[in-house]
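Only one structure is covered here, and it is reproduced in the block below.
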Amino acid sequence: MTDVAVQQKKRFTTMIAIDVVCFLLAGAAIVGHVAFGVSWLLPVFVLAIVAGLGAQIWFVVGWLKATKPEAGSEPQAGRAP
């Protein structure tokens, strides 16, 4: 694998781990808030959702930067063989 692919694989794995933790935390927080009436768990739920979305945005931005062509390179589509 290329260096960029290895970096993206690590970024993807990190994003998945963060999302799983945020999903479990958000699920527990909303159950605790709704079923047991623990009012301080509502902000925990919202912050877990925001953190999970932030991890996904972080991954996509890194992916877009990794696939962006270099400043000095020319596009490959219009080249003659």
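Details
- All positions within region 23-68 that are assigned to a helix (DSSP H, G or I), modelled with pLDDT of 95 or more and aromatic (Phe, Trp, Tyr): PHE23, PHE36, PHE45, TRP58, PHE59
- Residue count for region 3-25, restricted to those that are open to solvent by 90 Å² or more (accessible area, probe 1.4 Å) and either within 12 Å of VAL60 (Cα to Cα) or touching a His at 6+ places or on another chain (Cβ under 6 Å) (or both): 1.
- Those residues of region 31-53 which are surrounded by 14 or more Cβ atoms within 10 Å (Cβ to Cβ) and within 28 Å of ARG11 (Cα to Cα), in sequence order: VAL44, PHE45, LEU47, ALA48, ILE49, ALA51, GLY52
The values are calculated or read from the model by the stated rules, or taken from the named source; none is laboratory data. The shown structure was predicted, so the numbers you read here are calculated from the model rather than taken from an experiment. Reconstructed Cβ throughout: ideal geometry from the backbone, glycine too, with neighbour counts over all protein chains shown. Side chains are part of the model used for accessible areas, which takes the heavy atoms of the whole protein and leaves out ligands, DNA and RNA. Shrake-Rupley method; radii C 1.70, N 1.55, O 1.52, S 1.80 Å.
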